[in-house]
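Report on one structure; see the data block that follows.
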Amino acid sequence: MTGVIRRSVNNLLALALVLTAFVAPVRAQSRNDLRDVDLDLGDLKKLVVPAGNEVNYIAYAEGVQIYRWNGTAWAFVAPEAVLYSGQGKIGIHYAGPTWESNSGSYVVGSVMDKATPDPDAIPWLKLKAVTSEGPGIFHRVTYIQRLFTTGGLAPAEPGDFVGDEERVPYTAWYVFYRTDK
């Protein structure tokens, strides 16, 4: 697939992503309670957070995974997504990886483990909070899980030139944990 065709396909996917953003809060409510997700199965066991951490917040994300062609492979650059809950847009997700709420709180995570239940989507993750500051929903977050991902994989075709960037649409559910301490 040439770069022009790939960009056209990605532009159409991006348009579809924008159009579906209007129904994201409705979908977020349909999986509003991920507390009952059973990760105690096979490869998913490694995504379970330690005892004592409780679900604090759940958000649905729609956005892109950004990749840059280095001449031999696509290298991951950063995510760029909007976060939703039953209340509508509640924040953004970007490089770090960082999640920032509209209320000003943010959390930066570090990947601890991953599992790939869907080979056509980016992995599910368990991340440990490195920094968590500010007032709001991400204050004192200890762990983050990325679950139920769709899309977001690096392009299969090589880039047209070194530095070529592709923005690949993805969705995910993020579960934020904290302790009472």
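The values are calculated or read from the model by the stated rules, or taken from the named source; none is laboratory data. The shown structure was predicted, so the numbers you read here are calculated from the model rather than taken from an experiment. Methodologically, a virtual Cβ is constructed for each residue, glycine included, from the backbone with ideal geometry; neighbour enumeration extends over all protein chains shown.
Quick notes on this one:
- When Lys126, Lys114 are checked against the criterion of being touching a strand residue (DSSP E or B) at 6+ places or on another chain (Cβ under 9 Å) and surrounded by 17 or more Cβ atoms within 10 Å (Cβ to Cβ), Lys126 stands alone in meeting it.
- Test for Val162: is it free of Cβ contacts under 8 Å to residues at least 60 places away in the same chain, among the β-branched types (Val, Ile, Thr) and surrounded by fewer than 15 Cβ atoms within 10 Å (Cβ to Cβ): no
- Counting residues in the stretch 113-123 that are of a type outside the set (D, E, K, R), in contact with a Lys or Arg (Cβ under 8 Å, 6 or more places away or on another chain), modelled with pLDDT of 95 or more and within 20 Å of Val55 (Cβ to Cβ) gives one or more.
- Looking only at residues of the stretch 57-100 that are among the polar types (S, T, N, Q) and either touching a His at 6+ places or on another chain (Cβ under 9 Å) or farther than 19 Å from Trp173 by Cβ (or both), we find that the one that is surrounded by the fewest Cβ atoms within 10 Å (Cβ to Cβ) is Thr72.
- Note on the stretch 115-174: residues that are of a type in the set (Gly, Ala, Ser), farther than 26 Å from Asn70 by Cβ and touching a Ser or Thr at 6+ places or on another chain (Cβ under 7 Å) amount to 3.
- Hey, Leu147 closer than 17 Å to Gly63 by Cα, surrounded by fewer than 22 Cβ atoms within 10 Å (Cβ to Cβ) and either among the small types (Gly, Ala, Ser) or under 15 Å from the mean Cα position of the chain (by Cα) (or both) or not: yes
- Residue check for Gly52: outside any strand (DSSP E or B) and either in contact with a strand residue (DSSP E or B) (Cβ under 7 Å, 6 or more places away or on another chain) or farther than 30 Å from Glu157 by Cβ (or both): yes
- Any strands (runs of 3 or more DSSP E) falling wholly within the stretch 60-170 and containing at least 2 residues that are under 27 Å from Leu44 (Cα atoms) and charged (D, E, K, R): 106-115, 124-133
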